[in-house]
Amino acid sequence: MTTFRRDGEVDVSGCIAKIVARMNDRVTDISASICRGLEDEIPELRADVHTLELLGASVKGNIDTMLHALQHDIPAARIHPPAAAIEYTRRLAQHEVPVTSLARAYHVGQWRMTEMVFAELRTADIAPAEQMAVAELITTTLFEYLDRVIPHVIAVYEHEHEQWLDDSNSVRAVRVREVLEGSRPVDIDEATASIRYPLQWHHLALVVWYPDAYGDELTKLQRFVRESAEAAGTDMNPLFVADDRMNAWAWLPFRSAQPEAVARVRGFAAEHSDGPRLAIGTLAAGVPGFRRSHRLAQAARSIALARRDGEPRIIAATDPGVTLAALLGGEIAEVREWVGEVLGDLGADNDNDARLRETLQVFLRTGGSYKAAAAELDLHSNSVKYRVGRAVSRRGRPIAEDRLDVELALLVCHWYGSTVLRPDTP
């Protein structure tokens, strides 16, 4: 890589240090902007919500590495992709996202990074003569980084993809996905034999995952599902399918409807605080039930993943309002804007407004009864009346004309938390 010091009076390395320092101060915002651009331009990268989170970590890791290389004049031959970028590459391979999309992501990211560097350069206190030299060296470094990293991540992708396809469970997983897609009629007897699971019975679908681990967690997930099935009293071994190496789908089989199945699984999971996060579907029968229970478990999981506070660790489609909240939360940015329009200042992300929202939600759910709401909240009815009045005041207008919108907005806030709230301002 070309040195950052040229002959003469122009101190290019000093100028680059200024640019890098300015960008380091905004690295989180820069990473988020590039990540949003990648999501918009390459939809294939949006395999699932957790993969999107890993995309953000990968982008930030690459930017940190590039800025570090610029600041310390590190040759491209000594640069290695960050761990998050490698793990994200593996995840794309497991989800069979085309490798061309991965390569394009690096090119698009490099282009956007170059744009931001030039924007910083234009506003920096650097003489025009120096700007040209600085721009030339930064551009060269970014291209050298790209030439170094892309072949590396493609090799990682291809190796992981081959391993994933060779997994003994992959054929079974493909057959399960065919049943879920419903693109063609299902021969229940043939499908039952191929996946070794009784599709004609009742099913309770689970989605289990580890949000923060980086590695192969399937063994622990499989053990958790097996023990959950035992706690629920299933009539046969559960069906376990790996979605990737940190996430799995499962179905618990019952010969007949078991009203307590969800509660038993939840109780078992609650006793194991070190277990994975869990989303539970509803108990349903036959192939339609197999699909629906899984769909609802995935919908519940989408709420858990959308929240920023890691809660709830256990969520079920049968929890009050979960399925409706999942339907409403398809486009979080639009939902956040709608919540702000409906709740006004009551939609602020702080403890005081959270208490007011909870009180108002219970008050409306109990038919507008201060006494019933007080009993549920373990408060005096006068306290409930005061909080409801404060909530209406914070909102800025009465709730009589659009009560349904208010109730729906409160429901969304309850399940999505700060994800749909506006940042609190002093």
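Structure notes:
- Answer from Ala85, Ala103 - the residue that is surrounded by fewer than 19 Cβ atoms within 10 Å (Cβ to Cβ) and aliphatic (A, V, I, L, M): Ala103
- Filter pass, Gln258 being in a helix (DSSP H, G or I) and either among the polar types (S, T, N, Q) or assigned by TED's automatic domain parsing to the domain that holds Glu160 (or both): no
- In the set (1) of a type outside the set (Phe, Trp, Tyr); (2) out of contact with any Asp or Glu (no Cβ under 8 Å at 6 or more places or on another chain); (3) modelled with pLDDT under 90; (4) surrounded by 14 or more Cβ atoms within 10 Å (Cβ to Cβ), His161 fails one condition alone, (2).
- Scanning segment 392-404 for residues that are at pLDDT below 90 and surrounded by 15 or more Cβ atoms within 10 Å (Cβ to Cβ) yields a total of 1.
- Pick from segment 307-355, criterion β-branched (Val, Ile, Thr) and touching a strand residue (DSSP E or B) at 6+ places or on another chain (Cβ under 9 Å), ranking: nearest to Ser418 (Cα to Cα): Val339
- Gly389 falls short on exactly one of the conditions (1) surrounded by fewer than 17 Cβ atoms within 10 Å (Cβ to Cβ); (2) at positive phi; (3) of a type in the set (Gly, Ala, Ser), and that condition is (2).
- Any hit, segment 286-303, residues being part of a loop (DSSP other than H, G, I, E, B), surrounded by fewer than 19 Cβ atoms within 10 Å (Cβ to Cβ) and in contact (Cβ under 8 Å) with a residue 12 or more places away in the chain: no
- Contact map, segment 257-280: residues that are closer than 12 Å to Trp209 by Cα paired with residues that are acidic (Asp, Glu) and modelled with pLDDT under 95, Cβ distance under 8 Å, separation 6+ or inter-chain. Pairs shown: Pro276/Glu217.
- Pair list, Cβ under 8 Å, 6 or more apart: segment 341-366 residue in the same structural domain as Leu404 (by TED's automatic domain parsing) and aromatic (Phe, Trp, Tyr), other residue in a helix (DSSP H, G or I) and surrounded by fewer than 21 Cβ atoms within 10 Å (Cβ to Cβ): Phe363/Tyr370; Phe363/Val388
The values are calculated or read from the model by the stated rules, or taken from the named source; none is laboratory data. Because the structure is a prediction, the values reported are computed rather than measured. Counting neighbours? That spans all protein chains shown, and the Cβs are built from the backbone with ideal geometry, glycine included.
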